[in-house]
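Undergrad: Dumping the structure here so I can ask a few things about it.
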Amino acid sequence: MLGYIPMGIGYAALALKAGFNPFQTVSFSILVYAGAGEIIGATMVANGATAIAIILTNFVVNLRYMVMNTAVFNKMEENSLLGNMLTAHLVTDETFALFSFEKESSMWFYVGLALSSWLSWILGAVIGVFVLDFLPVIVTNSFNISLYALFIAILVPAVKNNKRLGLLVVITAILNVILQFVVGNWSLILSTLIGALIGMYIVDDSFMEASND
Amino acid sequence: MININLVILGCALVTFIPRLIPAIFVDRLNFGPKVEKFLNLIPYTALAALICPGVLTVDSQLWYIGLIGAVVAAGLSWKKVPLGAIVILTVVILVTVYSLIPMF
């Protein structure tokens, strides 16, 4: 939720510029709730893409949530079909990453984290719609870094003491860059899965206990 | 003129379905240790793929803006600065960098 308010403001700046009205800008955040997908969607609207192309791109880019939700529900204790279905919409890169690297694995902890993140993302869009006229471009541009800063801040301590995990992170990053030229938007999900497969061989099992510290 | 409402509803649907599928099936599957390890590696590889090269597009014109932000965040994280402070400090430093650019 930390990165979400500034990032949400950054997204709102982009969506309004692309021609979304304030109501559509906020609805997109409530209903799709996928930072990268929304930003790509707004950019494509601005560039005159067709609705079908935008929807297909969102499908491909957001397919990773299937993998992430599998990991989330696999880790979550006391999960039920109803509870899973009600929280399914709330998985994002951020809630998934924070929950994965957290010792706590109860359902209520996840629901609290997920709900507050969702509300922060929506609040960010609402604030963006209201205050945007007063914010200079350099500030909204700088807000775009907040989610990446959070991802890096989660990842660095997790790989700091495990050289092989660090190596896996570098391999996956390079793989993602190369795959972008070959498969375009599919690269995100493909490099995540192939990277984890490579990790099965180059990382030893001890990281599973260590990552919980 | 593109129908933005259609874009919103379409994107909402194709994003929700992949999110829902594991919610229904995870309970019925029993993962072995190999699959568990695979799933435990996903957070690392997903974050790696999300950060690189996406961070370089934070500013669509100046790729090094994102690189500076990434280096700052990594450095602060290495020094064990708390998460929230890292996010705020990185944003503040980028605003500073932006305001210094016209001087060069």
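The values are calculated or read from the model by the stated rules, or taken from the named source; none is laboratory data. Every value quoted in this text rests on a predicted model; they were computed, and no experiment measured them. Neighbour counts run over all protein chains shown; Cβ positions are idealised from the backbone, glycine included.
Undergrad: In this structure, is B:Tyr98 under 23 Å from A:Ser191 (Cα atoms) and surrounded by 13 or more Cβ atoms within 10 Å (Cβ to Cβ)?
TA: Working: under 23 Å from A:Ser191 (Cα atoms): no; surrounded by 13 or more Cβ atoms within 10 Å (Cβ to Cβ): yes.
So B:Tyr98 fails the test.
Undergrad: May I pose another question? All but one of (1) in contact with a helix residue (DSSP H, G or I) (Cβ under 9 Å, 6 or more places away or on another chain); (2) surrounded by fewer than 17 Cβ atoms within 10 Å (Cβ to Cβ) hold for A:Gly41, so report the exception by its number.
TA: Every condition holds for A:Gly41 apart from (2).
Undergrad: Tell me which residues, restricted to segment A:121-164, are touching a Ser or Thr at 6+ places or on another chain (Cβ under 6 Å) and aromatic (Phe, Trp, Tyr).
TA: A:Trp121
Undergrad: Among the candidates A:Ala34, A:Ala88, which residue alone is touching a Lys or Arg at 6+ places or on another chain (Cβ under 6 Å), at pLDDT 90 or above and within 7 Å of chain B (Cβ to nearest Cβ)?
TA: Working: A:Ala34 fails: touching a Lys or Arg at 6+ places or on another chain (Cβ under 6 Å).
Just one listed residue meets the conditions, A:Ala88.
Here's the yes/no breakdown for (1) without any contact (Cβ under 8 Å) to a residue 60 or more places away in the chain; (2) touching a helix residue (DSSP H, G or I) at 6+ places or on another chain (Cβ under 7 Å); (3) over 30 Å from A:Gly19 (Cα atoms):
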residue	(1), (2), (3)
B:Val7	yes, yes, no
B:Val14	yes, yes, no
B:Gln61	yes, no, no
B:Ile68	yes, yes, yes
B:Ser77	yes, yes, yes
B:Gly84	yes, no, yes
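Undergrad: Only helices (runs of 4 or more DSSP H) wholly contained in segment B:20-104 count here; list those with 1 or more residues that are more than 7 Å from chain A (Cβ to nearest Cβ) and within 15 Å of the chain's Cα centre (by Cα).
TA: It comes to B:63-78.
Undergrad: Only one of A:Val60, A:Val139, A:Val72, A:Val129 is in a helix (DSSP H, G or I), among the aliphatic types (A, V, I, L, M), under 17 Å from A:Leu16 (Cα atoms) and more than 7 Å from chain B (Cβ to nearest Cβ). Can you tell me which? If you could, list the steps in order and put the result at the bottom.
TA: Values: A:Val60 fails: under 17 Å from A:Leu16 (Cα atoms); A:Val139 fails: more than 7 Å from chain B (Cβ to nearest Cβ); A:Val72 fails: under 17 Å from A:Leu16 (Cα atoms).
When all the criteria are applied, what remains is A:Val129.
Undergrad: Please tell me if A:Leu115 is assigned to a helix (DSSP H, G or I), of a type in the set (A, V, I, L, M), surrounded by fewer than 18 Cβ atoms within 10 Å (Cβ to Cβ) and within 18 Å of the chain's Cα centre (by Cα). Steps first, please.
TA: Numbers: assigned to a helix (DSSP H, G or I): yes; of a type in the set (A, V, I, L, M): yes; surrounded by fewer than 18 Cβ atoms within 10 Å (Cβ to Cβ): yes; within 18 Å of the chain's Cα centre (by Cα): yes.
So A:Leu115 passes the test.
Undergrad: Sticking with this structure for a sec: If A:Asp204 meets every condition in (1) closer than 23 Å to B:Leu39 by Cβ; (2) more than 7 Å from every other protein chain (Cβ to nearest Cβ); (3) assigned to a helix (DSSP H, G or I) apart from one, which number is that one?
TA: Only one criterion is unmet by A:Asp204, namely (3).
Undergrad: Go through segment A:11-41 and give me each residue that's over 19 Å from A:Thr95 (Cα atoms) and within 16 Å of the chain's Cα centre (by Cα). So that I can check it myself, show each step before the final result.
TA: In the first step, residues of segment A:11-41 are kept if they are over 19 Å from A:Thr95 (Cα atoms); the result is A:12-27, A:40-41.
A:Ile40, A:Gly41 - these are the residues of segment A:11-41 that are over 19 Å from A:Thr95 (Cα atoms) and within 16 Å of the chain's Cα centre (by Cα).
Undergrad: Look at A:Asn161 and say whether it is at pLDDT below 90 and more than 7 Å from every other protein chain (Cβ to nearest Cβ). Working first, answer last.
TA: Details: at pLDDT below 90: yes; more than 7 Å from every other protein chain (Cβ to nearest Cβ): yes.
Yes: the conditions hold for A:Asn161.
Undergrad: Going by the conditions given, is A:Tyr11 more than 10 Å from chain B (Cβ to nearest Cβ), of a type in the set (Ser, Thr, Tyr), touching a residue at least 60 places away in the same chain (Cβ under 8 Å) and crowded, with 22+ Cβ neighbours inside 10 Å?
TA: Numbers: more than 10 Å from chain B (Cβ to nearest Cβ): yes; of a type in the set (Ser, Thr, Tyr): yes; touching a residue at least 60 places away in the same chain (Cβ under 8 Å): yes; crowded, with 22+ Cβ neighbours inside 10 Å: yes.
The answer is yes for A:Tyr11.
Undergrad: Which residues, counting only those in segment A:142-155, are under 17 Å from the mean Cα position of the chain (by Cα) and facing another protein chain (nearest Cβ under 7 Å)? First the steps, then the outcome.
TA: Quick first cut of segment A:142-155, residues under 17 Å from the mean Cα position of the chain (by Cα) only: A:143-155.
Hits for segment A:142-155 are A:Phe143, A:Asn144, A:Ile145, A:Ser146, A:Tyr148, A:Ala149, A:Leu150, A:Phe151, A:Ile152, A:Ala153, A:Ile154, A:Leu155.
Undergrad: Scan segment A:42-91 for residues that are more than 12 Å from A:Tyr110 (Cβ to Cβ) and of a type in the set (Ser, Thr, Tyr) and jot them down.
TA: A:Thr43, A:Thr50, A:Thr57, A:Tyr65, A:Thr70, A:Ser80
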